[in-house]
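To start, the structure under review is shown below, and the notes come after it.
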Amino acid sequence: QVQLVESGGGLVQPGGSLRLSCAASRSVFSSNTMGWYRQAPGKQRELVAIFTRGIYTNYADSVKGRFTISRDNAKNTVYLQMSSLKPEDTAVYYCKYVAGNTDYWGQGTQVTVSS
């Protein structure tokens, strides 16, 4: 079992920045898929940014150039640096880790972009 705990969400003005963190409860394989999804009210959960096979990154078109995913393997933590935030980035952000046929999810952290 892996527990994922997200942090770093909050209220930010348009154009602002936030950094989300996702800490795993135990050592995770750096070669496994791990990253970030989000779900806005009334919408389906969507991919934001993710590591695949350890070193490859994939970003949603809507966040390319504004968001950066990174990881600290020693801390079993994945980060999402979000810049130039827009109101449409408002959502609950979830961390996901894949081990074999099992998807592990965190509880989510709310990000609200509003003036």
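The values are calculated or read from the model by the stated rules, or taken from the named source; none is laboratory data. Quick caveat: nothing in here was measured; it's all calculated off a predicted structure. Backbone-built Cβ (ideal geometry, glycine too); neighbour counts: all protein chains shown. Heavy atoms of the whole protein, side chains included, go into the accessibility calculation; ligands, DNA and RNA do not. Shrake-Rupley method; radii C 1.70, N 1.55, O 1.52, S 1.80 Å.
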The lone condition Pro87 fails out of (1) modelled with pLDDT under 95; (2) exposed (fewer than 13 other Cβ atoms within 10 Å of the Cβ); (3) farther than 19 Å from Ser7 by Cα; (4) not charged (D, E, K, R) is (1)
The residue from Gln39, Gln44, Gln1, Gln81 that alone is open to solvent by 80 Å² or more (accessible area, probe 1.4 Å), at pLDDT 95 or above, out of contact with any Leu (no Cβ under 7 Å at 6 or more places or on another chain) and not small (Gly, Ala, Ser) is Gln44
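Would a scan of segment 48-58 turn up a residue that is open to solvent by 30 Å² or more (accessible area, probe 1.4 Å) and within 11 Å of the chain's Cα centre (by Cα)? If you could, list the steps in order and put the result at the bottom.
As a first pass, look at segment 48-58 and keep what is open to solvent by 30 Å² or more (accessible area, probe 1.4 Å): 52-53, 55-58.
With within 11 Å of the chain's Cα centre (by Cα) added as a condition, the list becomes none.
No, the conditions are met nowhere in segment 48-58.
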* Asked: Does segment 42-55 include one or more residues that are touching a residue at least 60 places away in the same chain (Cβ under 8 Å) and either among the polar types (S, T, N, Q) or closer than 17 Å to Gly100 by Cβ (or both)?
  -> no
Within segment 59-71, residues charged (D, E, K, R) and exposed (fewer than 12 other Cβ atoms within 10 Å of the Cβ) come out as Asp61, Lys64
Picked from segment 91-111 (must be farther than 11 Å from Arg38 by Cβ and of a type in the set (Val, Ile, Thr)), the residue most open to solvent (accessible area, probe 1.4 Å) is Thr102
